[in-house]
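Worksheet for the structure shown next.
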Amino acid sequence: MASPSTSVSPDKRSVDPPAGRRFGLQARIVLTFGLIVVGLVGASLAYVVRNQSDSLLGQTREKGFALAHSIAWLSTPSLLSYNYVALSQAATRSRGDAEVAYVVIYDKEGQIAADSRERNSFGHPPREPADMNAMEAREDQWMIVPPAQNGDAPVIEFLVPVYVEDRTVKWGTVRVGISLAEVNADIQQTTHHLVLAGLVAAILCLIGARFAARAITRPIERLVVATRAVARGDYSQRLNLRSGDELETLAWHFDRMADEVQVQQGQILASREDLRRLNESLEATVESRTHALGESEAKYRILVESSPLGILIVQAGRAVFVNKAFERMTGKEASDLLENGTDPFRVFDPESGHRIRKAVLEEDAGAQLEGQICQASGKQIFVEVHTAQLLFQNTPATMILASDVSAQRDLQERLIRGEKLRALGELAAGVAHDFNNNLGIILGRTQLLQAKVADPDVISGLEVIRQAAMDGGQTVRRIQQYTRVREELQHEVLHLPSVAAEVIEITKGKWKNEAQRRGVTVEIRIESNEPAPILGTRAEIREALTNLIFNAVDALPKDGAIIIRAQSNGAESILEVEDNGVGMADHVKSRMFEPFFTTKGLSGNGLGLSMVYGIVSRHRGSIEVESKEHVGTIVRMRFPAVDPKSASFPLPPRAPAPYRAQVLVVDDEVDLVSVMRDALTREGHEVTTATGGNEGIQKFRQGTFDAVLTDLGMPDVSGWEVARVVRKEGGRRVVLGLVTGWGATVSDEVMDAHGIDFVISKPFEVGTLASRVNETLASRPAKPPRSSSPSETRPT
């Protein structure tokens, strides 16, 4: 059936469509879709970054509270015993982690007991608002502290109070600051990655919007072209539009206008058009999915290659993939690990490799194991291994994740070793304090009796008692070596080669006679390079060197040599003991300074090297050990060198009393208070006594005193509180001295912080006590005399 035709005049057919479209339909569709995509990507980016930030901050809080509680638990015994040295060591060790900015520990009185940012900080009063907040904290708290300077990262601070007696008595506070630098860096890195991914997604969506807009506007463009062709007399045009809207109706009426004769030709053209459109759609889909796959692969490759965890993928018993982190852990190139015939489990030590291989073969998904990676250089790396099943290149495989935990293990071992030394030191300090009090009473009474009697036999007997008490005091001081931070022994100028020669002669029975009985010949010699002398106690240096020589002889099951070297290195004098014996394994070397650890069985007590460590530390030196199995061992002791011309120790003259002073004596030992009262009364001073800290503070406030002598450890109030009240209310005019059995543990920095003029360790010579008091009184500014000097009127 022919369609009715309508004649159109040529002048009307030549009319062109209006020109100058300002904004096309396709551009508007793309712009609208693009705005929607950008909004969705931005909202998703903000949501993900916010969740990431909250998650990282929550992890940091959990880590900070865990660390603060751990430090609080470890510091509780030290706070109870006022062991500021152990607290300082705990604070310093706790800062081994790079994220920890500082660790501050406060004692019961709110004073700073330890500060990892400042050496010898114990005893300082609160200095900043953060210290006051820590004093007032009664429960766990955290806060974010803004950076002190521009460019610094903020710090998240944790306050954990230390309670005893079922959380009724607060004995201190632990304040830990963790830097948020790493958290901020992670958030920034995540944000950068998400922004890049969002940009890529937005570009892909805009490209898709472009294709969609083009699909919408193409029928209209075709209709325009076909209309122009029909106007030129070409009736073969067919639209075959299936859009389901008004355009379809318009196209249907347009197609009906064509001649029925050309139906077959129209069908062929329509089929060709459908085939072309289908090919275009398939090509676009393949290209889009290929591009998306490439982007996804690149993204995950970046994540895997930059991961700090070592990743090894094992398939059919061989390695098929390793990342850079695993190459660094093993010290091998990827080509060596992926080479055919290479056992991927040989990078682990035999025991660890067997357990990991078993987990892989049994397809134990989620297995968590501990192992060691052995590098070709002999270095061992401790790792924590996780296994997971996956498909790699469409084939089942096992992924092994290895996390380097060497630093954590080393820190754990050092903390355990420090805890053992601290516990032993606290035990020694407590026992020594009680012995020193008793010896102080014996020694003081004996000396007072010596001054009152004239019978030579009685004087001789009292001298025996006095010397025995002094020897007992020296013995007690030797067991304080693990908590000693202040040396009171009279040092002398020591030349290390001469000390070494003395020790070689003393130990000849061990390295020569006993060795020969075992059928072993030991050669021992001294190599000296004229080292500078040191200040020290000859007996202790001899004891340290003796222990090292004995250990060297025991390490020589066959013939060998021991070399003692004395040399200088700048401001240090070095004393070395080298042997070519059996050496030490790594696990023995890590524990060699632990008390009671020995490899000699019943023949050793495990105190030799720990004694050496204490002696070197008391001489303000350091000790180093180099040892290799089947090669030998070198123990190197470093001491501060001195100029022998300027190092002299004349005995101080006995100082007389400059005037009759008012002296307050505070000690919880009644008998010892009586001894000090009698000794100072003999010097002509007026003495007031108190048998407790609270009583001492009350009597100080009720009277006027020129000097105050106080014990440190008292049951009600410590000597530090007494010293604080004396200095705060009496000023620098009052002479302030500590008379305590813990005198060797009080450092010069703590004395300066509390305004202590001198420390006298128990047991003490009554003459030394009186002389120190008189000497310090004389150093104060002159004051109007109350009477003539008691030392002038009292017969001597």
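The values are calculated or read from the model by the stated rules, or taken from the named source; none is laboratory data. Keep in mind that what you see is a predicted model, and the values were worked out from it rather than measured. Please note: Cβ atoms are built from the backbone with ideal geometry, for glycine as well, and neighbour counts cover all protein chains shown. Protein only, heavy atoms only, side chains kept; ligands, DNA and RNA dropped before computing areas. Shrake-Rupley method; radii C 1.70, N 1.55, O 1.52, S 1.80 Å.
Being at pLDDT below 80 and either open to solvent by less than 40 Å² (accessible area, probe 1.4 Å) or within 22 Å of P308 (Cα to Cα) (or both) holds for only one residue in A397, A376, A402, A388, and it is A376. Which residue is surrounded by the fewest Cβ atoms within 10 Å (Cβ to Cβ), if the candidates are limited to region 556-582 and must be in a loop (DSSP other than H, G, I, E, B) and of a type in the set (A, V, I, L, M)? Among them, the one singled out is A571.
When restricted to residues that are part of a loop (DSSP other than H, G, I, E, B) and more than 13 Å from M637 (Cβ to Cβ), region 529-555 contains 6.
Residues in region 167-190 that are modelled with pLDDT under 85, part of a strand (DSSP E or B) and of a type in the set (S, T, Y): 1 in all. Tell me yes or no: at least one residue of region 481-495 is of a type in the set (A, V, I, L, M), in contact with a Leu (Cβ under 9 Å, 6 or more places away or on another chain), modelled with pLDDT of 85 or more and open to solvent by less than 60 Å² (accessible area, probe 1.4 Å). Taking every residue of region 481-495 in turn, at least one turns out to be of a type in the set (A, V, I, L, M), in contact with a Leu (Cβ under 9 Å, 6 or more places away or on another chain), modelled with pLDDT of 85 or more and open to solvent by less than 60 Å² (accessible area, probe 1.4 Å). State all residues of region 503-513 that are surrounded by 15 or more Cβ atoms within 10 Å (Cβ to Cβ) and part of a helix (DSSP H, G or I); if no residue qualifies, say none. Within region 503-513, V503, I504, K510, W511, K512 qualify.
For the structure I just gave you, tell me whether K358 is of a type in the set (K, R) and either touching a residue at least 60 places away in the same chain (Cβ under 8 Å) or not in a helix (DSSP H, G or I) (or both). When the stated conditions are applied, K358 does not pass them.
Note on region 76-100: among residues that are over 19 Å from D410 (Cα atoms) and among the hydroxyl-bearing types (S, T, Y), the one that is least open to solvent (accessible area, probe 1.4 Å) is S78.
In a helix (DSSP H, G or I) and in contact (Cβ under 8 Å) with a residue 40 or more places away in the chain: is that true of F321 in this structure? Judged against the criteria, F321 is not a match. Within region 689-725, restricting attention to residues that are within 27 Å of D752 (Cβ to Cβ) and touching a Lys or Arg at 6+ places or on another chain (Cβ under 9 Å), which residue is surrounded by the most Cβ atoms within 10 Å (Cβ to Cβ)? It comes out as D711.
Quickly run through region 66-91 and pick out the residues that are in a helix (DSSP H, G or I) and either more than 20 Å from D115 (Cβ to Cβ) or more than 21 Å from the chain's Cα centre (by Cα) (or both). Once the filter is applied, which keeps residues that are in a helix (DSSP H, G or I) and either more than 20 Å from D115 (Cβ to Cβ) or more than 21 Å from the chain's Cα centre (by Cα) (or both), region 66-91 yields A66, L80.
Of the set (1) more than 17 Å from A185 (Cβ to Cβ); (2) open to solvent by less than 20 Å² (accessible area, probe 1.4 Å), all apply to W73 but (2). The C-beta contact set for region 662-675 (first residue open to solvent by 20 Å² or more (accessible area, probe 1.4 Å), second residue in a strand (DSSP E or B), distance under 6 angstrom, 6+ apart or interchain) comprises Q662/E686.
Quick grid of which residues meet (1) hydroxyl-bearing (S, T, Y); (2) open to solvent by 50 Å² or more (accessible area, probe 1.4 Å); (3) free of Cβ contacts under 8 Å to residues at least 12 places away in the same chain:
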| site | (1), (2), (3) |
| --- | --- |
| Y102 | yes, no, no |
| E109 | no, yes, no |
| A137 | no, no, no |
| P154 | no, no, no |
| V169 | no, no, yes |
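For region 104-124, a residue qualifies if it is within 19 Å of N83 (Cβ to Cβ) and in a loop (DSSP other than H, G, I, E, B), and the qualifying residues are D107, K108, E109, G110, Q111, S116, E118, R119, N120, S121, F122, G123. Every condition in (1) hydrophobic (A, V, I, L, M, F, W, C); (2) modelled with pLDDT of 75 or more; (3) under 30 Å from L738 (Cβ atoms) is met by I506 except one, and the failing one is (3).
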